[in-house]
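Report on the structure given below.
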Amino acid sequence: MATLLSLLQIDVIVPWLLGMAFGIFVGATPGLTATMAVALIVPFTFYLPNPNTGLALILGISFTAIFAGDIPSVYLRIPGTPASAAGTLDGHAMAKQGHGRLALMLDLWCSALGGLIGTVLLIVSSQQLARFALRFSNFEYFWLGVAGLGISAVVTQAPPLRGMVAALLGLMLSTVGIDHVSGTPRFTFGRPELTGGIDFIAVMIGLFGLSEVLRSLHLRASLAGAATHDSDATRTRDVWLTIWRHKFTVLKSSLLGTFIGALPGAGADIAAWAAYGLAQRTSRTPGTFGKGCTEGVVAPTTANNAAVAGAWIPALVFGIPGDSVTAIALGALLMYNIKPGPLVFEQNGTQIQAIFLIALITQFLLLPAGWFGIRAFGAILRLPRSVVMTAVVVFSVVGAYSLRNDLFDVWVMIAAGVAGFFLEAQRVPLAPLILGLILGPMVEENLRAGLIKTSGDLVPFFARPFCSVLVLLLVAAFAGPALARRFRSPAGAIEPANLRAGNEPEPKGDL
């Protein structure tokens, strides 16, 4: 009780709410990430007299920024954060059908539910899950990265072969830059800007932002459905009916997201794609995914916020960051005289309880903060189409330039946008490409480290128990669709036109 009262002080609540508002702004702005927001705010927290204020800022920003990344994903098909890329598939499809508000309200409530379940799991089982994650070696992390790429290639609406082509293209782009093992420049062509590699955020903005503008201009189609008004009561009822229908998807995605978040370096983006793949594989209507399926919205947005909570498990118990945000937060914890490790609960028990309570309360504060964010961003739909497209281009340029204050990243974004337009014209999915660019270093470094350990022997990559499980899951992911098509009756598939059939709630309208 004393810990709770210490969090309800004015010097904690006000910065906490301001930090969440900042997180909404950062997450909804393409090119700005939760990691960047936390990195900017942490230096200021060192001058705050109350450590709980700094912790509230860090946790509030990280949870709200991950959710807010879904807002441009739905309306503009531009993931605000990498963890929102999986949500573009069905979220934007719902927006084009006139159900963008339903998609965003599902994102909001499921983000809060996923974060709440993830935080509860963090509290009750942090030590056990952290010990399990520590048993992973280079061999397991290699297959984890490969599994993430495989899932992203299979779950797209394009044929799996085209998905694999996109993933391999992303892997090729990830090799640009300095080789971390030998220190040799690779594929830089004498350009010093490429020595640090190709920034995946610039590529992501181009692939999902500028290419959408080019495609819209080519098709001369509206960005989203017509904007209408519906009552908050009806909207809330529809949202909760949809969530209740997919309650098991919420639970599965939360558990999976927390588990992946507890794996050091995995992150919310892998959790979102893994949850999306699991939802599609276990769905009774897998053919509706990517065409505006509500289950395809619920799964990734639940998992990525659960992963944010899960990332604190290894960070607190063993001092190993689960993602880039907790890596920055670890530095802040040390400045607050909190030493993460097996004895952290004994030496800093009160402060750890404060972290748990902050994470829990943030999920409830996320609902009003997210609602205001959706209302503010939804006003874009009332603007003329030419204004919206111009704003997308401006955001894309500003977002790319803000990464390193370098025009080279803007040119990378433009090149990615043009390439994305032509790739989509050939039905090559874009999501596996960006995930290949993100996971490429993880796959390569763990493969090479594992081969160095074994002197080139590949047996441990398959013989270790968890490696075998990941390989079997990967095989099942590729073989599953063929087997399902063979044994599923023709009546088992639902056409996109029948998406709202049965118990699916029909919203009264969008914004």
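The values are calculated or read from the model by the stated rules, or taken from the named source; none is laboratory data. Bear in mind that the values here come from a model prediction, so they are computed numbers and not experimental data. No Cβ is skipped: glycine too gets one built from the backbone with ideal geometry, and neighbour counts run over all protein chains shown. Keep in mind that these areas ignore ligands, DNA and RNA; they rest on the heavy atoms of the full protein, side chains included. Shrake-Rupley method; radii C 1.70, N 1.55, O 1.52, S 1.80 Å.
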Report, by chain and number, residues whose modeled amide H sits under 5 Å from the one on R186, excluding near sequence neighbours (fewer than 5 apart, same chain).
G177, I178, D179
Could you put R135, R191 in order of accessible surface area, largest first, with the 1.4 Å probe and the full protein assembly present?
R135, R191
Can you work out the FRET efficiency for the pair R245 and A21, with r the C-beta to C-beta distance and R0 = 35 Å, to the nearest 0.05?
0.65
M389: accessible area at probe 1.4 Å, nearest 10 Å²?
10
I'd like the accessible area for L217: 1.4 Å probe, protein heavy atoms, all chains in place, Å² to the nearest 10.
90
Using alpha-carbon positions, the gyration tensor of region 43-147 gives root eigenvalues a ≥ b ≥ c; with a/c under 1.5 called rounded, otherwise prolate if a/b exceeds b/c, else oblate, the class is oblate
Taking amide H positions as placed in the peptide plane 1.01 Å from N, state which residues far from Q97 in sequence (5 or more) or on other chains have amide H under 5 Å from it.
G225
Give the ranking of R427, R284 by solvent-accessible surface, highest area first, calculated with a 1.4 Å probe.
R284, R427
Probe radius 1.4 Å, ligands and nucleic acids left out: which of K96, K339 has the largest accessible area, and how do the rest follow?
K339, K96
Area of F372 that stays accessible when all protein chains are in place (1.4 Å probe, Å², to 10):
130
Can you tell me the FRET efficiency between T236 and V398 if r is taken as the Cβ-Cβ distance and R0 is 56 Å, rounded to the nearest 0.05?
0.95
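Pulled fully out, how much extra length does the chain show between D179 and L5, if you take 0.36 nm times their separation in residues and subtract their Cα-Cα distance?
57.5 nm
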Based on a Kirkwood Rh over C-alpha pairs, give the Stokes-Einstein translational diffusion coefficient of region 392-460 at 20 °C and viscosity 1.002 mPa s in µm²/s.
145
Placing each pseudo-label 7 Å from Cα in the direction of the beta carbon, S137 and R284 end up separated by a distance in nanometres of 4.5
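So with the 1.4 Å probe, I'd like the accessible area per residue for region 247-337, rounded to whole Å². Working shown, then result.
Numbers: 2350 Å² over 91 residues.
About 26 Å² of surface per residue is accessible.
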Just to confirm my numbers, what's the Cα centroid distance between region 408-432 and region 40-76 in Å?
30
Solvent-accessible area, 1.4 Å probe, carbon plus sulfur percent, for region 1-140:
73
Summed residue charge, Cβ within 11 Å of N305's Cβ, Lys/Arg positive, Asp/Glu negative:
-2
All-pairs alpha carbon distance profile, region 1-76, 10 Å steps from 0, percent:
21, 47, 24, 8, 1
